[in-house]
Amino acid sequence: MSPSELTERLRSEAARLGFDAVGIAPAVAPGGHADFLRWLEAGHAAGMDYLRRQEPARAHPDAVLEGVRSVVMVSLVYGTNDRRPAQAEVAPTIGKVARYARRADYHRVLWDRLSLLLDWLQAERPGARGRAVTDTAPLLERDFARRAGLGWIGKNTMLIDRRLGSFTFLGALLTDVELEYDAPHTSSHCGTCTRCLDACPTDAFAAPFVLDSRKCISYWTIEHRGPIPDPEAGQLHGWVFGCDVCQDVCPWNRKAPSGRCPDLADSPEWLEPDLLRWLEDDESKWRTRLKGSAASRARRRGLLRNAALVLGTRAEPSAVGPLSARLDDPAEDPVVRGAAAWALARIGTGEAVDALVRHRDDPDPAVSGPARSAIAGLMQQDQGRGGEGPPDRNTGHPDREEPPNRP
Ligand code: B12
Ligand code: SF4
Ligand code: SF4
């Protein structure tokens, strides 16, 4: 069978397996590697040290599969293209989860299908070697997707397909089999539009096509381990895992189709998560919730940290009980306790201050720090009003109209 015939049959097989688009690129050095280097040098990778470590490997796909000749790029649409305003925009105890993480872990879904595609190829070409990857190997996936003709890289840095939009996952099958290559996508269809750059709530684009992860909500809520520092802690804009703003506003997503894969469809659990319930649920409920889910990357600890920060930023009084319970639990993760203290300081009701006063001498500085500064803030307010001094451990503190330390 000629490379051209084999390629056509491979395309049909990829479509049969449910991929929404497939394109094939030659296994050459990616054109975007120089941009990638500049991006790293500018510090835009934030704490993602693995990107720095794997930089040489991203210079050529040979590092992922020795002797590779073809890179088969696939894309898969996920979620529901529902443009109704999210509950989280109106209900203060509901958080926002990015569309890609509202059900199963996409790595598994794509990897399973790519492995079936490799099985098929090996049946056609016995002895063929291949490797399926999706975010699991040092490959500049968007660059190869563009090279394989799947779309252009938009100013928001997403790979955009005119028909499918950008709510797509990318995956790659690298193989040593020679195939017929697609023409690269060389044009851009962003034109003079700057909606994504203007809409980003944290102004995370250093320039068009260049994302500074140090300012990106997606980075902080998913990738960052440990406490989120100020001012980023107060700038999650309701997102507890990922962020979709720069895609939601993109005109190319307006008429894009919803995903066809049931494993990647929105589930109510992740579509409108009740953050108070998150704080109250025990370990076993969390184990069930996170099993096989995309959001498990942040683990219970990261998700509760994010939930506490969102509730604190919203100064949500109904969160004081659940947050105090996390703070008071000595077995709780220090990152969660620190975020709970930060949130209580923002809420600043009498009950919140009582909880902080209990922990002003906490051995963990992530807890005692916010506790002390909240108490100091209240003392200042009191003095400004001619009050009598710090809140008393026994008498508590009356509810206040404004929480302390509000930005
Ligand atoms: C690290 C990473 C992140 C980081 C950094 C994102 C970024 N923009 O660089 C963080 C954690 C912030 C992130 C967030 C998200 N991610 Co992410 N992420 C990755 C990962 C692992 C590597 C990306 C990377 O190398 N970044 C470094 C930059 C320099 O490379 P690049 O993004 O490919 O950018 C290209 C262009 O921007 C261009 N370029 C760079 N500088 C310049 C300058 C000029 C002037 C020009 C013209 C071009 C240009 O060259 C680059 C190389 O081709 C990829 C998987 C992979 N292995 O590729 C997934 C991946 C990019 N992420 C993905 C997704 C879904 C997301 C989120 C939507 C998740 C969410 N909802 O929260 C957000 C989107 C945020 C955004 N606008 O990018 C998908 C994107 C699918 C698509 N259709 O594009 C990928 C491909 C994973 C996958 N297999 O599906 N992600
Ligand atoms: S994911 Fe959110 S925070 Fe990050 S660049 Fe896009 S809009 Fe900005
Ligand atoms: S919002 Fe506009 S500028 Fe941004 S990626 Fe979409 S079309 Fe391009």
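Of the residues Arg305, Arg300, Arg260, Arg289, which is over 15 Å from the mean Cα position of the chain (by Cα), more than 22 Å from Phe19 (Cα to Cα) and more than 16 Å from ligand 3 (Cβ to nearest atom)?
Criteria check complete, one pass: Arg289.
Identify all residues within segment 164-189 that are near ligand 1 (Cβ under 8 Å from one of its atoms) and closer than 24 Å to Leu116 by Cβ; write none if there are none. First the steps, then the outcome.
Here is the first cut: in segment 164-189, the residues near ligand 1 (Cβ under 8 Å from one of its atoms) are 166-171.
Residues satisfying the conditions are Phe167, Thr168, Phe169, Leu170, Gly171.
So is Val210 within 25 Å of Ala91 (Cβ to Cβ), aliphatic (A, V, I, L, M) and within 16 Å of ligand 3 (Cβ to nearest atom) or not?
No.
Pick from segment 185-215 the residues that are touching a residue at least 60 places away in the same chain (Cβ under 8 Å) and under 15 Å from the mean Cα position of the chain (by Cα): which of them is farthest from Ala340 (Cα to Cα)?
So, considering only residues that are touching a residue at least 60 places away in the same chain (Cβ under 8 Å) and under 15 Å from the mean Cα position of the chain (by Cα), the one farthest from Ala340 (Cα to Cα) is Leu211.
Out of the residues in segment 256-266 that are touching a Lys or Arg at 6+ places or on another chain (Cβ under 9 Å) and surrounded by fewer than 14 Cβ atoms within 10 Å (Cβ to Cβ), which is farthest from Gly165 (Cα to Cα)?
Pro262
Regarding segment 265-274, can at least one residue be identified that is more than 19 Å from Ala91 (Cα to Cα) and of a type in the set (Phe, Trp, Tyr)?
Scanning segment 265-274, I find no residue that is more than 19 Å from Ala91 (Cα to Cα) and of a type in the set (Phe, Trp, Tyr), so the answer is no.
Within segment 157-206, how many residues turn out to be within 16 Å of ligand 2 (Cβ to nearest atom), on the phi > 0 side of the Ramachandran plot and not acidic (Asp, Glu)?
2
Please determine, by comparing only the residues of segment 115-130 that are assigned to a helix (DSSP H, G or I) and free of Cβ contacts under 8 Å to residues at least 40 places away in the same chain, which one is farthest from ligand 3 (Cβ to nearest atom). Please lay out each step first, then the result.
Here is the first cut: in segment 115-130, the residues assigned to a helix (DSSP H, G or I) are 115-124.
Checking the rest, the ones that are also free of Cβ contacts under 8 Å to residues at least 40 places away in the same chain come to 115, 119, 122-123.
On the way: Ser115: 32, Asp119: 36, Gln122: 38, Ala123: 40 Å.
Looking at the filtered set, the residue picked out is Ala123.
If I filter segment 234-244 for residues that are under 13 Å from Asn156 (Cβ atoms) and either over 17 Å from the mean Cα position of the chain (by Cα) or within 15 Å of ligand 2 (Cβ to nearest atom) (or both), do I get at least one hit?
There is at least one residue in segment 234-244 that is under 13 Å from Asn156 (Cβ atoms) and either over 17 Å from the mean Cα position of the chain (by Cα) or within 15 Å of ligand 2 (Cβ to nearest atom) (or both).
Considering Ala331, Ala345, which residue is touching a residue at least 24 places away in the same chain (Cβ under 8 Å) and among the small types (Gly, Ala, Ser)?
Sole residue among the options that is touching a residue at least 24 places away in the same chain (Cβ under 8 Å) and among the small types (Gly, Ala, Ser): Ala345.
With the requirement that a residue be part of a loop (DSSP other than H, G, I, E, B) and closer than 17 Å to Pro322 by Cβ, what does segment 350-372 give you?
His359
List, please: which pairs have Cβ atoms under 8 Å, are six or more places apart or on different chains, and start with a residue in segment 131-148 that is in contact (Cβ under 8 Å) with a residue 24 or more places away in the chain and end with one that is assigned to a loop (DSSP other than H, G, I, E, B) and crowded, with 24+ Cβ neighbours inside 10 Å?
Close Cβ pairs (under 8 Å, with a partner that is assigned to a loop (DSSP other than H, G, I, E, B) and crowded, with 24+ Cβ neighbours inside 10 Å) amount to Val133/Leu139; Ala145/Gly151.
Return a yes/no flag: does segment 125-135 have any residue that is basic (Lys, Arg), over 20 Å from Arg58 (Cα atoms), modelled with pLDDT under 95 and surrounded by fewer than 22 Cβ atoms within 10 Å (Cβ to Cβ).
Within segment 125-135, none of the residues are basic (Lys, Arg), over 20 Å from Arg58 (Cα atoms), modelled with pLDDT under 95 and surrounded by fewer than 22 Cβ atoms within 10 Å (Cβ to Cβ).
Consider Pro231 carefully, then state whether it is within 13 Å of ligand 1 (Cβ to nearest atom) and either farther than 24 Å from Ala294 by Cα or surrounded by fewer than 19 Cβ atoms within 10 Å (Cβ to Cβ) (or both).
When the stated conditions are applied, Pro231 does not pass them.
Are any residues in segment 150-163 more than 6 Å from ligand 1 (Cβ to nearest atom) and touching a Leu at 6+ places or on another chain (Cβ under 9 Å), and if so, which ones?
Leu150, Gly151, Trp152, Lys155, Asp161, listed by residue number.
Can you confirm whether Cys250 is within 16 Å of ligand 3 (Cβ to nearest atom) and within 16 Å of the chain's Cα centre (by Cα)? Give the steps one after another, and end with the answer.
On the way: within 16 Å of ligand 3 (Cβ to nearest atom): yes; within 16 Å of the chain's Cα centre (by Cα): no.
So Cys250 fails the test.
The values are calculated or read from the model by the stated rules, or taken from the named source; none is laboratory data. Note that the structure is predicted; figures quoted are calculated from it, not measured. Here Cβ is always computed from backbone atoms with ideal geometry, including for glycine, and neighbour counts include all displayed protein chains.
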